[in-house]
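J.: I'd like to ask some things about the structure below.
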Amino acid sequence: MSTELAELLEQAKSGGELQASEVAAGLAAARQRIFQLFDNGIAADRLIHEASAQIDRVLEVCFTQFIDQHKHRCSLVAVGGYGRSELLPGSDIDLMILLERKPDRAQQEQLSSFLTFLWDIGLEVGHSVRTIRDCVREGKADITVITTMIESRLIIGSSELYDQFQQAIGPHKIWPARKFFEAKLEEQHDRHLRFNDTAYNLEPNIKEGPGGLRDIQIIGWVAKRHFGTKSFRELVDQGFITEAEYRLLDAGQQHLWRVRFALHRIAGRREDRLLFDYQKNIAAVFGFTSSKNNLAIEQFMQQYYRTIMELERLSEMLLQIFREEILLTDAQRRLTPLNERFNLRNNYIEVAHADVFKQKPSALLELFLLISLNENCEGVTASTIRLVREHLYLVDEKFRCDDEVNHLFMQLMSAPNGMTHQMRRMNSYGFLAAYIPAFAKITGRMQYDLFHAYTVDQHTIFVIRNLRRFALDKHQAEFPFCNLVYSKLENPRLLYLAALFHDIAKGRGGDHSQLGAEDATRFCVQHKLNRKETRIVSQLVRDHLLMSVVAQRKDISDPDVVRDFARQVGSMNMLNYLYLLTVADIRSTNPKLWNNWKDALLQQLYRATKSVIRVGIDNAPDIDEIIQENRDAALEEMADLPYSVEQIKSVCDRVPGDYFLRHHPLEIKWHVNAILGNSDESRLVSIRQSTYTRNTKVFIYGDEAAHAFSQVTGTLGALGLSILNAEIFTTVDNKIMDTFIIQDRNGEAVTDAETIAQIETRLLKALQSDSIHKGQTNTRKPRQLKAFDHPTQVRFEQDYLNGRTVMEVSTIDMPGLLSVIANVIAEKNIDITHAKISTLGEKIDDIFYLTTPQGAAITDQAALDVLADDLVRALEARKAA
């Protein structure tokens, strides 16, 4: 406590009157002193307890000055986190004023004056005023209320009244231990679901997320309610946890307190989310420095995630101990032998005796296989979880090379049920990192970007989970095409092995795909896979990004692109594996990443490649044949339109051949019908929902305008819409025929009739302009993007075969970005024929296909250099806006 505050309190005790401004200044000085101690390396637990004791002394004096305790018995009680004497810089001070009876007017005025004074001195107070009867009634009705009251302690006032309160809310009166435990388990389950059942999110919640402080508190609440313990140390004394487990639990709590303390200090308020805004600063506070392959922030977050993982392991084991102790009666303790090493006790697997793993180390892996094969098994007993953790030292090189162990692992990878759950359990118990040492390096490893939403190990397990869903009938409605492709696989376990290794080399430096393929090859050889199986797994790991890159960054309407991809894939069998791995990988990277457009692109590439492989890569039709086939298919599709064949062909004859490569026959039908049905031939805007891509498409037709692309992108951006793809064509009679695929701010199709009408009106008006778009776009950068900065890069590649220049623009995502790019290109008298827009978290990676006004590639290197410089300058200026 600061000297100033201590002197003020002593004066008040001697009869002096407290002045709010003086106390507030004293508290501020005391707060700065605690911050200084934190900077000097004093443990966070000491500081939060000291801060709590400091507030206790302030409240004691204030309560005495404002409340007449002689006339009415009353008590000032700390509840919640403050009741545990844990007060972090941004924590609320939770108080309950316990009264013997309802307050009269005089006491109400005293209470009001007391609470007002607390606010005046700067305390963030959460309070309730209750009688014992109130406490019982409200505690019975709400599990959160009884929980806060369980964590109470008397600050000042009637100890006799407080003791009566404690008796009234005891487990023999309300919320018996069994009912309380069941309610807390349900509460925890619901809370975990709010965080996608994982603690490994990009911006984790230290308090509420899985493995966070709330999970530690649940252990304390249940222990207090059932066992009457007041500290985790007492659980050691009672034999429920070991000394080593207590040290792990205490160290984990200490670390989270330290992180939360730093977070509150940097944020300047209560904040439990480790937002990007703060992660970098906290990493610096904790002394982390960046290395070549590992940023300081990534090191800090890996330490955080590993702490969380350890706490999750402990939490699962301790709650299982409580479950066995509290929920099971003697009559419920059923025992079913599984084999000589394992039993099923009350549907939880346990070892037959404590020396099972010492006598037969392979039983460490057999345990997980038995769970997956036994549909009645709900989990692992606490004693067995403890034994697994204590015997992980047995998983050494001899263990990893043991034929029986290898066979058990491959059996698990082929298990018909429960494989995903067991992979998650093996990771949680630390077995997976012990069995595959390379996996230990990615455990808890995060990547500092918005693209990868989970740590590498969690992402890997999510990929396996998604692959398993493709195999299950109950998920067929969600992934119909993936289910169909999965049914064609020769050996699904190869797919799971590839998923396990696809990102295992992240963070090592070098090409993680190539390094991971080498790891996978060694693993497959060790586990007795034949040469063909090993080659498949290795190729899948090496090429796991290939299909995604080609589909999203290449022009897959170009037959040569598809032929090259087919040549790299090699076979129909490999295409099936690679397609499923690609879908599962994208869906597991970030929940916001997958959309109908990506789904359609991958299916389009899959089907096109399948056709090439079936006829033979060298026998595939050339581009002119494909154009004619697509044109004929479109003409056949348009046979029912209310126009003559001559009218329809007159439109088709005016468009370049590439048009028929890039549009589906139904889409061509829509275009032609709109053009022939349009009374105003100068311009047309038509909007429809695509049944194929399940997105919104905007078709624009009209007189050629030099800055049409700039006007369209600017107008759509000003409306808060995103462009996913653009197909730009000019007819032989100088009409533009442009198609844009768009979505709203939430990544959904635009289906609202009023919004669609607004888009049409605004675009028609914009197309009347003969200059670049100069309208205002909302330039407010989203919060998460402010934490990142990627330098703008512009790269060119010549596509001589198709007579065009491919430009790739990479930079930080920002509102109005596409309009900026379009304006720079428009000023250079350069045509855009095709654009693929790709947002990868906080970064964009857009591809533009450019030509001269005469339709040729741009070969003047000086002109390309000027274009690149101008783009960098314009985009960097937008960043700074």
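The values are calculated or read from the model by the stated rules, or taken from the named source; none is laboratory data. All figures in this text were calculated on a predicted structure; none of them were measured in a lab. Note: ideal-geometry Cβ built from the backbone for every residue, glycine included; neighbour counts use all protein chains shown. Just the protein is used for accessible areas: all its heavy atoms, side chains included, with ligands, DNA and RNA removed. Shrake-Rupley method; radii C 1.70, N 1.55, O 1.52, S 1.80 Å.
J.: Give the residue from Gln238, Val615, Gly510 lying farthest towards the positive end of the charge dipole for the chain; charges sit on Cβ (+1 for Lys and Arg, -1 for Asp and Glu) and the dipole is referred to the Cα centre.
T.: Gln238
J.: Spin-label point model (7 Å from Cα, Cβ direction): what's the Glu797 to Lys13 distance in nm?
T.: Distance between label points: 7.7 nm.
J.: Quick check on the stretch 1-119: what are the equivalent-ellipsoid semi-axes from the Cα gyration tensor, as sqrt(5λ), descending, whole Å?
T.: That gives 27, 17, 10 Å for the three semi-axes.
J.: Distance in nm between label sites at Gln758 and Gln854, each 7 Å beyond Cα in the beta-carbon direction?
T.: 4.5 nm
J.: May I ask you to derive the FRET efficiency for Thr3 and Ser291 from their Cβ-Cβ distance with R0 = 41 Å, giving the value to the nearest 0.05?
T.: E between Thr3 and Ser291, to the nearest 0.05, is 0.40.
J.: Putting +1 on Lys and Arg Cβ atoms and -1 on Asp and Glu Cβ atoms, find which of Asn406, Met301, Thr755 reaches farthest to the positive end of the dipole of the chain.
T.: Going by the Cα projections, it comes out as Asn406.
J.: Then there is this: Report the extension gain between Asp39 and Asn491 in nm, rounded to one decimal, defined as 0.36 nm multiplied by the number of residues separating them, less their alpha carbon distance.
T.: 157.0 nm
J.: Add -39500 (n - 2.57) for each DSSP H run of 4 or more in the chain, then divide by its residues: what number comes out at 222 nm, to the nearest 500 deg cm²/dmol?
T.: Calculated from helices alone, the mean residue ellipticity at 222 nm is -16500 deg cm²/dmol.
J.: Would you work out what percent of the accessible area of the stretch 1-131, with all protein chains in place, is carbon or sulfur (probe 1.4 Å)?
T.: Of all accessible area on the stretch 1-131, carbon and sulfur atoms account for 46 percent.
J.: Per residue, how much accessible surface does the stretch 661-771 expose to a 1.4 Å probe? Answer in Å², no decimals.
T.: Counting only protein heavy atoms, the per-residue value for the stretch 661-771 is 42 Å².
J.: Further question: Using the Karplus curve 6.51 cos²θ - 1.76 cosθ + 1.60 with θ = phi - 60°, what ³J(HN,Hα) values do you get for each residue of the stretch 654-661, in whole Hz, with x for Gly and Pro?
T.: Running phi through 6.51 cos²θ - 1.76 cosθ + 1.60 with θ = phi - 60° gives 8, 9, x, x, 4, 4, 6, 7 Hz.
J.: Just report the Cα centroid separation between the stretch 366-442 and the stretch 79-111, whole Å.
T.: Between the Cα centre of the stretch 366-442 and that of the stretch 79-111, the gap is 50 Å.
J.: Sum up the charges of everything whose Cβ sits under 12 Å from the Cβ of Asp599, counting Lys and Arg as +1 and Asp and Glu as -1, but leave Asp599 out.
T.: Summing Lys/Arg as +1 and Asp/Glu as -1 gives +2.
J.: In whole Å, how far is the Cα centre of the stretch 670-714 from that of the stretch 170-187?
T.: A separation of 63 Å, based on Cα centres.
J.: In whole Å, what are the extents of the stretch 495-536 along the principal axes defined by its C-alpha atoms, from largest to smallest?
T.: Per principal axis, max minus min of the Cα coordinates gives 30, 16, 14 Å.
J.: So, counting K/R as plus one and D/E as minus one, what does the shell of residues with Cβ under 15 Å around Glu518 add up to?
T.: Net of charged neighbours comes to +2.
J.: Assuming R0 = 60 Å, can you tell me the calculated FRET efficiency for the pair Leu484 and Arg153, based on Cβ-Cβ distance, to the nearest 0.05?
T.: 0.45
J.: Next question. Given H placed on each backbone N at 1.01 Å, which residues far from Asp813 in sequence or on other chains put an amide H within less than 5 Å of it?
T.: Lys843, Ile844
J.: Can you tell me, using C-alpha contacts under 8 Å and at least 6 residues apart, the relative contact order of the chain as a whole percent?
T.: Averaging sequence separation for qualifying contacts and normalising by length gives 6 percent for the chain.
J.: Can you give me the three principal axis dimensions of the stretch 706-763 from its C-alpha atoms, in Å, biggest first?
T.: Projected onto its principal axes, the Cα set of the stretch 706-763 covers 37, 21, 17 Å.
J.: Consider just the alpha-carbon atoms of the stretch 57-171 and return their Rg together with their Dmax, both in angstrom.
T.: 13.4, 38
J.: Follow-up question, since we're still on this one. Charges at C-beta only: +1 for Lys and Arg, -1 for Asp and Glu. How large is the resulting dipole of the chain about its Cα centre, in Debye rounded to 20?
T.: With Lys and Arg at +1 and Asp and Glu at -1, about 2120 debye.
J.: Moving on. At 7 Å along the Cα-to-beta-carbon direction for both Leu193 and Lys528, put a label point, then send me their distance in nm to one decimal.
T.: It works out to 4.4 nm between the two label points.
J.: Let me ask another. May I ask for the angle, rounded to the nearest 10°, between helix 213-222 and the longest principal axis of the chain, with both axes built from Cα atoms and the value confined to 0 to 90°?
T.: Helix 213-222 sits roughly 40 degrees off the main axis of the chain.
J.: Roughly what % of DSSP beta bridges within the chain run antiparallel, to the nearest 5?
T.: Among the beta bridges of the chain, antiparallel pairing accounts for roughly 90 percent.
J.: So, one more: Between Gln164 and Thr751, what is the FRET efficiency for a Förster distance of 60 Å, r being their Cβ-Cβ separation, to the nearest 0.05?
T.: FRET efficiency, Gln164 to Thr751: 0.45.
J.: Against the longest principal axis of the chain, how steep is helix 3-13, in degrees 0 to 90 to the nearest 10, with axes from Cα atoms?
T.: 50 degrees
J.: Could you work out the local net charge near Ile385, counting Lys and Arg as +1, Asp and Glu as -1, over the other residues with Cβ closer than 15 Å to its Cβ?
T.: Summing Lys and Arg as +1 and Asp and Glu as -1 gives -2.
J.: Taking the Cα of Ser644, stepping 7 Å toward and past its beta carbon, and measuring to each backbone N in the stretch 730-769: which are under 13 Å?
T.: Answer for the stretch 730-769: none.
J.: Based on Cα positions only, what radius of gyration and what Dmax would you give for the chain, in angstroms?
T.: Both quantities, over Cα of the chain: 33.2, 105 Å.
J.: Report ³J(HN,Hα) in whole Hz for each residue of the stretch 247-262, in order, from the Karplus equation J = 6.51 cos²θ - 1.76 cosθ + 1.60 where θ = phi - 60°; Gly and Pro get x.
T.: With coefficients 6.51, -1.76 and 1.60, one gets 5, 5, 5, 5, 5, x, 5, 4, 5, 5, 4, 5, 4, 5, 4, 4 Hz.
J.: Taking amide H positions as placed in the peptide plane 1.01 Å from N, state which residues far from Ser838 in sequence (5 or more) or on other chains have amide H under 5 Å from it.
T.: Answer set, sorted by chain and number: Asp845, Asp846, Ile847.
J.: Could I ask something else about it? Provide the gained length on full extension for the span Gln689 to Lys774, in nm with one decimal, where the gain is 0.36 nm per separating residue minus the Cα-Cα distance.
T.: So the chain would gain 27.7 nm between Gln689 and Lys774.
J.: Set Lys and Arg Cβ to +1 and Asp and Glu Cβ to -1, take the dipole of the chain about its Cα centre, and tell me which of Ser686, Gly855, Leu327 lies farthest positive.
T.: Comparing the listed Cα positions along the dipole, Leu327 ranks first.
J.: Please list, in chain and number order, the residues 5+ apart from Leu328 or on another chain whose amide H is under 5 Å from its amide H, with Hs placed from the backbone.
T.: Hits under the 5 Å cutoff: none.
J.: In addition: When the chain is fully extended, how far beyond the present Cα-Cα distance does Arg553 get from Glu124, taking 0.36 nm per residue of separation?
T.: Separation in residues times 0.36 nm, less the Cα-Cα distance, equals 149.2 nm.
J.: To the nearest 10 degrees, how steeply does helix 132-141 sit against the main Cα axis of the chain, on a 0 to 90 scale?
T.: In the chain, helix 132-141 runs at an angle near 30 degrees to the longest axis.
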